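What follows is a set of notes on a single structure, which appears directly below.
The values are calculated or read from the model by the stated rules, or taken from the named source; none is laboratory data. All of these numbers come straight from a predicted model, not from anything done at the bench. Heads up, the Cβs are rebuilt from the backbone with ideal geometry, glycines too, and the neighbour counts pull from every protein chain shown.
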Amino acid sequence: MASFPNQPIACNDHRVTIIGAGNVGSTLAHRIAQHNLANVVLVDIVEGMPQAIALDLTHAQGLDRHNRQIKGTNDYADTANSDIVVITAGIPRKPGLSRDDLIQINAKIVVEVTQKAIAYSPDAIYIIITNPLDVMTYLAWQATGLPPNRVMGMAGVLDAARFQTFIAIELGVCVTDVRALVIGDHGDSMMPLPRYASVGGIPITELMDRATIERICDRTRHGGAEIVNLRKTGGAYSAPASAACLMVEAILHNQSRLVPASAYLQGEYGLNDIFIGVPTLLGCQGIEKVVELNLTDEERDALHASASSVRQNIDRAGVLLGNCSDD
């Protein structure tokens, strides 16, 4: 009689840990498994919650046609030797709250979970999704002590996807023919770049008037808030999960994809010691290169203003964490 192993064997042993089993984390776990990218460990502080989500996703294996192992846990020991750690933990946005309003609570959460994760996965690449994203990415980098190329924030991919979508809707074209780019912070001062947006290779500046382009750019800046205000009880999670999945795939498959991400700058664009959204090459080593665009004076000034806002919030988070440590 034939015998079979108790556990199915996946086609490779890549492991991605997702910290935070809320809407973004659970949807990302589903995306990664569906794309057959890696085995997934879903971690949350709430007992039973990640286990239930993992079991539910496992029930869909045959329907989704993958053989990935998905484990839910409250124990960081289960995350050991992960290739990638994605941090989504923290409170989500609610109507009336900006991403920056989340600093006080989320700073403490991100530092704590990152320190727990790095103890078990010191060789992993870390992707931060928690808001305010650029600030949380900086804090996570400090908490890990890793080289900056191995820590990054997921924002530019999502913001560019929103810009891409709004362009396609406005022109009535297939969204896959649209290319778009957004840099700067993942907040109200983000910078959609119309000069670097095109449809089938045609710049959108030749397809739309300036007022229409500015309206689309403004909607991109507030794309997350638009969803928050409609849902009332939380923010976006499907598109953020898809954006993070794209980054995970680029790393695990060493694709050297040119994508915007919150990256650590060391003189690029005239900025130092800050994480902010810029074009990057993303591969198996993490951020392989920060790509410097030839910005106009106006665009450069706007990027520096965006960076100043991020730096102020980094300083604010540092003060808040210092106060917490004194309690």
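Here are a few things to note about the model shown:
- Unmet criterion (only one of (1) of a type outside the set (A, V, I, L, M, F, W, C); (2) surrounded by 24 or more Cβ atoms within 10 Å (Cβ to Cβ); (3) farther than 12 Å from HIS186 by Cα; (4) not assigned by TED's automatic domain parsing to the domain that holds THR280) for ASP134: (3)
- For the residues ILE129, ILE103, the requirement of being over 16 Å from the mean Cα position of the chain (by Cα), crowded, with 21+ Cβ neighbours inside 10 Å and assigned by TED's automatic domain parsing to the domain that holds LEU37 singles out ILE103.
- Residues that are crowded, with 19+ Cβ neighbours inside 10 Å, under 19 Å from GLU298 (Cβ atoms) and among the small types (Gly, Ala, Ser) within segment 188-219 comprise just one, ALA197.
One line per residue, one yes/no per condition, for (1) surrounded by fewer than 21 Cβ atoms within 10 Å (Cβ to Cβ); (2) under 21 Å from ILE183 (Cβ atoms); (3) of a type in the set (Phe, Trp, Tyr); (4) free of Cβ contacts under 8 Å to residues at least 24 places away in the same chain:
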residue: VAL111; (1), (2), (3), (4): yes, no, no, no
residue: THR114; (1), (2), (3), (4): no, no, no, no
residue: TYR120; (1), (2), (3), (4): yes, no, yes, no
residue: ILE125; (1), (2), (3), (4): no, no, no, no
residue: VAL157; (1), (2), (3), (4): no, yes, no, no
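- The set of residues in segment 212-267 being free of Cβ contacts under 8 Å to residues at least 24 places away in the same chain and within 21 Å of PRO148 (Cβ to Cβ) consists of GLY267 alone.
- Filter result (in a loop (DSSP other than H, G, I, E, B) and either not assigned by TED's automatic domain parsing to the domain that holds LYS116 or not aliphatic (A, V, I, L, M) (or both)) within segment 32-53: HIS35, ASN36, ASP44, GLU47, GLY48
One line per residue, one yes/no per condition, for (1) polar (S, T, N, Q); (2) closer than 22 Å to ALA140 by Cβ:
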{"position": "ALA225", "(1), (2)": "no, no"}
{"position": "MET247", "(1), (2)": "no, yes"}
{"position": "ALA250", "(1), (2)": "no, yes"}
{"position": "SER262", "(1), (2)": "yes, yes"}
{"position": "ILE276", "(1), (2)": "no, yes"}
{"position": "ILE287", "(1), (2)": "no, yes"}
{"position": "LEU295", "(1), (2)": "no, no"}
{"position": "SER306", "(1), (2)": "yes, yes"}
{"position": "ASP315", "(1), (2)": "no, yes"}
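- Some residue of segment 7-19 being crowded, with 17+ Cβ neighbours inside 10 Å, under 21 Å from the mean Cα position of the chain (by Cα) and either at pLDDT below 95 or more than 18 Å from ALA250 (Cα to Cα) (or both): yes
- Residues of segment 111-129 that are in contact with a strand residue (DSSP E or B) (Cβ under 6 Å, 6 or more places away or on another chain) and among the β-branched types (Val, Ile, Thr): VAL113, ILE125, ILE127, ILE128.
- Restricted to segment 65-89, and to residues there that are free of Cβ contacts under 8 Å to residues at least 40 places away in the same chain and surrounded by 15 or more Cβ atoms within 10 Å (Cβ to Cβ), the residue that is farthest from GLN115 (Cα to Cα) is HIS66.
- Segment 37-51, subset surrounded by fewer than 16 Cβ atoms within 10 Å (Cβ to Cβ) and in contact (Cβ under 8 Å) with a residue 12 or more places away in the chain, residue farthest from TYR237 (Cα to Cα): GLU47
- Taken over segment 137-155, the criterion of being among the polar types (S, T, N, Q) and buried (at least 19 other Cβ atoms within 10 Å of the Cβ) is satisfied by THR137, THR144.
- Looking across VAL113, VAL157, VAL151, one residue alone is among the hydrophobic types (A, V, I, L, M, F, W, C) and more than 21 Å from THR27 (Cα to Cα). It is VAL151.
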